[in-house]
1. Looking at segment 348-379, which of the residues that are over 16 Å from LYS416 (Cα atoms) and in contact (Cβ under 8 Å) with a residue 24 or more places away in the chain is farthest from the chain's Cα centre (by Cα)?
2. Filter segment 169-206 for residues that are surrounded by fewer than 18 Cβ atoms within 10 Å (Cβ to Cβ), touching a residue at least 60 places away in the same chain (Cβ under 8 Å) and assigned to a loop (DSSP other than H, G, I, E, B) and give the result.
3. Checking GLN260 against (1) touching a helix residue (DSSP H, G or I) at 6+ places or on another chain (Cβ under 6 Å); (2) in contact (Cβ under 8 Å) with a residue 12 or more places away in the chain: exactly one of these is not met. Which one?
4. Of the residues GLY241, GLY281, GLY295, which single one is out of contact with any Phe, Trp or Tyr (no Cβ under 6 Å at 6 or more places or on another chain), modelled with pLDDT of 90 or more, at positive phi and of a type outside the set (A, V, I, L, M)?
5. Take segment 388-417 and flag every residue that is farther than 19 Å from VAL331 by Cα, assigned to a loop (DSSP other than H, G, I, E, B) and in contact (Cβ under 8 Å) with a residue 12 or more places away in the chain.
6. Name the one entry in ALA250, ALA300, ALA209 that is at pLDDT below 90 and either aromatic (Phe, Trp, Tyr) or surrounded by fewer than 17 Cβ atoms within 10 Å (Cβ to Cβ) (or both).
7. Under 6 Å between Cβ atoms, which residue pairs at least 6 apart in sequence (or on different chains) link something in segment 268-283 that is assigned by TED's automatic domain parsing to the domain that holds GLY190 and within 24 Å of ARG256 (Cβ to Cβ) with a partner that is surrounded by fewer than 17 Cβ atoms within 10 Å (Cβ to Cβ) and at pLDDT below 90?
8. Being assigned to a strand (DSSP E or B), touching a residue at least 40 places away in the same chain (Cβ under 8 Å) and within 15 Å of TRP166 (Cα to Cα), is that true of even one residue in segment 224-233?
Amino acid sequence: MLGEVFKLAKQAGLGTGSLPSPLLLPSDPGVLGASGSLPRSSSDPESTAPPAGSPRSEKCSMRPNRKVLPPGEFTVPRGTGEHPQTLGRTRWGSQVVLLAGLVILGGCQPADPIREYTVEKPPAARKAAIPQRPTRQAEMPAPPSRTDPATDRILGAILPQGETTWFVKVQGPVDTTRVAVESFLRFVRGIDFADGKPSWTLPENWKEAENPEGKGRFATLAIPVENETLELTVTELKSPGNDVEGYLLANINRWRGQLQQPPYELDQLERATLPVKTESGQTAWLVNIEGWLPGSKPKAPAAPKLPFAYKVPDHWQVGALRTFQLAAWNVADGDRKATVTISTAGGDLVGNIQRWRDQVGLPRVDAAEVQQSIQDVKMGQATGKYVVLNVPEGKEQPQAILGVIVSALEEQWFFKMQGDAPLVKAEQENFESFVRSVQFP
């Protein structure tokens, strides 16, 4: 999630925009001829006509459905109402007709016989695969595994402008930069590129600062926040071409690497950025990254604020919260560890205790036996249901749970200690004192 940056941007009604769509590749050309038409079929009379000027063509060409008559003989065509008549027939004339017929037949000898050949069928042509754009991976070392709360933040905006891309960046402590989020958004929305270079109006109390030599910055601004001063930088880099998505991803991963966060894949780009429109109609891609600058010390979590009074042992250390947890403490003794948590959730009493039994490897029992294992514990004006769940001896790396479920303040509260069985047993008295210290009104 992009946290406060995206939330404020959306509440302000900023444009959402969208990532550029991938380029469409043209389809393969067809098999048409140079004229754009298909070749003639072999059944087309014009395609099978003999070539002009062929001697055999001249001797044998005749119009269909016509008779070749010898000189001196003709017939009156049918359909005129008269019977056909033969004129000038003589005996020698018949011989002339026979001789002429032989000459004509001799000139129209049958063509060469049809010859058959077997030709192997060529393999079917394979369609060329559409090339896929490779996902850009940032070349950076794997970040260290840290579970403590983030200490540093980068607020960024990326503004592509043709052959140049502009980068606006604020880096500083998480709590300090949180105060500057709103003014940072107003500043980015006010950037204008009327003359090819960015111009802006400074928010209240912001000041121009001197650019350090050798940094290649276009501008440096000072942002006073409480007792600190944040630095905002504006830089420009040459755009790589039409691959806007890949360029955005590469630079976001560069920033993520600076805060020891793992790189994003291309399909994660949409959730890593928030596109907004500036007042001049330009698109700016907002980025919010939280992590740890190299050498930053773990930040001690703040003591949890709860709607009731309580007291914890001094050697319990405030821990990082997980899903549904409202408070957490870590307890350690050498290699043995345990965690104490407070959370709220639903479910019935017996069902939740059965779930705890599953977590430590105990078999489920009937409801009556669960009820027999419950002890009452007073917690101010409320009464909690307390169970002790120990794994039988002999099991490798046994776990144990001390748990209290109490209904108060219109919620169902869970107070739980879970960890290595020997340590949980040693801390049982401290846990019970902690639970009794809780004062629900």
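1. Filtering first and then ranking leaves LEU362.
2. GLY190, PHE193, ALA194 - these are the residues of segment 169-206 that are surrounded by fewer than 18 Cβ atoms within 10 Å (Cβ to Cβ), touching a residue at least 60 places away in the same chain (Cβ under 8 Å) and assigned to a loop (DSSP other than H, G, I, E, B).
3. Status for GLN260: all satisfied but (1).
4. One residue alone meets the criteria, GLY281.
5. Hits for segment 388-417 are VAL391, LYS395, LEU409.
6. Working: ALA250 fails: at pLDDT below 90; ALA209 fails: at pLDDT below 90.
After ruling out the rest, the residue left standing is ALA300.
7. PRO275/GLY17; VAL276/GLY15; THR283/GLY17
8. Start the filter on segment 224-233 by keeping residues that are assigned to a strand (DSSP E or B), which leaves 224-225, 228-233.
Imposing the further condition that a residue be touching a residue at least 40 places away in the same chain (Cβ under 8 Å) reduces the set to 225, 228, 230-233.
Then keep just the ones that are within 15 Å of TRP166 (Cα to Cα); that gives 232-233.
For segment 224-233, residues assigned to a strand (DSSP E or B), touching a residue at least 40 places away in the same chain (Cβ under 8 Å) and within 15 Å of TRP166 (Cα to Cα): present.
The values are calculated or read from the model by the stated rules, or taken from the named source; none is laboratory data. Note that this is a predicted model, so its numbers are computed, not measured. In this analysis, Cβ positions are derived from the backbone assuming ideal geometry, glycine residues included, and neighbour counts consider all displayed protein chains.
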